[in-house]
Amino acid sequence: QVQLVESGGGLVQPGGSLRLSCAASGSIFSGNTMGWYRQAPGKERELVAFKTSGGATNSADSVKGRFTISRENAKNTVYLQMNSLKPEDTAVYYCYFQQIGRTYWGQGTQVTVSS
């Protein structure tokens, strides 16, 4: 089993920044992937960005150039630095951890972009 603890959400004005963190603990093996999904009210959950333990990464076109995903493998922690936030970034952000064909989810953290 793997447990995930997220932090860093909140309310920010358009153009502002937030940094999300997600720490994984439990039975962790090499060759895993950590990342973020988000779900806005009335919309489906969408992939925001991911990064593998080997360093491969990708992100949604809607956040490219604004959001940066990074991770510290030694701490099993992934970060999402979100800059130039827009109202359409408002959503619940979920951290996920994937290994050996199983996916684990964080509890979700609310990000609200509003003036």
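Yes or no, residue by residue, for (1) among the small types (Gly, Ala, Ser); (2) touching a residue at least 24 places away in the same chain (Cβ under 8 Å); (3) open to solvent by less than 60 Å² (accessible area, probe 1.4 Å):
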position	(1), (2), (3)
VAL2	no, yes, yes
VAL5	no, yes, no
ILE28	no, yes, yes
THR33	no, yes, yes
GLN39	no, yes, no
GLY42	yes, no, no
GLU46	no, no, no
GLY54	yes, no, no
Would you confirm, using the coordinates I've provided, whether SER70 is assigned to a strand (DSSP E or B) and free of Cβ contacts under 8 Å to residues at least 40 places away in the same chain? yes
Anything in segment 82-104 that is surrounded by fewer than 16 Cβ atoms within 10 Å (Cβ to Cβ) and either in contact with an Asp or Glu (Cβ under 7 Å, 6 or more places away or on another chain) or not in a loop (DSSP other than H, G, I, E, B) (or both)? List them, or say none. PRO87, GLU88, ARG102, THR103
For segment 23-45, which positions are charged (D, E, K, R) and under 11 Å from the mean Cα position of the chain (by Cα)? ARG38
Mind counting the residues in segment 9-26 that are surrounded by 20 or more Cβ atoms within 10 Å (Cβ to Cβ) and under 13 Å from TYR104 (Cβ atoms)? 2
Could you check how many residues of segment 22-43 are in contact with a strand residue (DSSP E or B) (Cβ under 9 Å, 6 or more places away or on another chain) and closer than 22 Å to SER114 by Cβ? 7
With the structure loaded, tell me whether THR77 is under 12 Å from the mean Cα position of the chain (by Cα) and among the polar types (S, T, N, Q) or whether it fails that test. yes
Restricting the search to segment 56-67, which residues are of a type in the set (Ser, Thr, Tyr) and either touching a residue at least 60 places away in the same chain (Cβ under 8 Å) or open to solvent by less than 40 Å² (accessible area, probe 1.4 Å) (or both)? SER59
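Among GLY65, GLY108, GLY101, which is on the phi > 0 side of the Ramachandran plot, more than 14 Å from the chain's Cα centre (by Cα) and at pLDDT 95 or above?
Only one candidate passes the filter, namely GLY65.
The values are calculated or read from the model by the stated rules, or taken from the named source; none is laboratory data. In this text, all values refer to a predicted model and were calculated from it rather than measured experimentally. FYI the Cβ positions are ideal-geometry reconstructions off the backbone, even for glycines, and counts take in every protein chain you see. Surface areas here come from the heavy atoms of the whole protein model, side chains and all, with no ligands, DNA or RNA. Shrake-Rupley method; radii C 1.70, N 1.55, O 1.52, S 1.80 Å.
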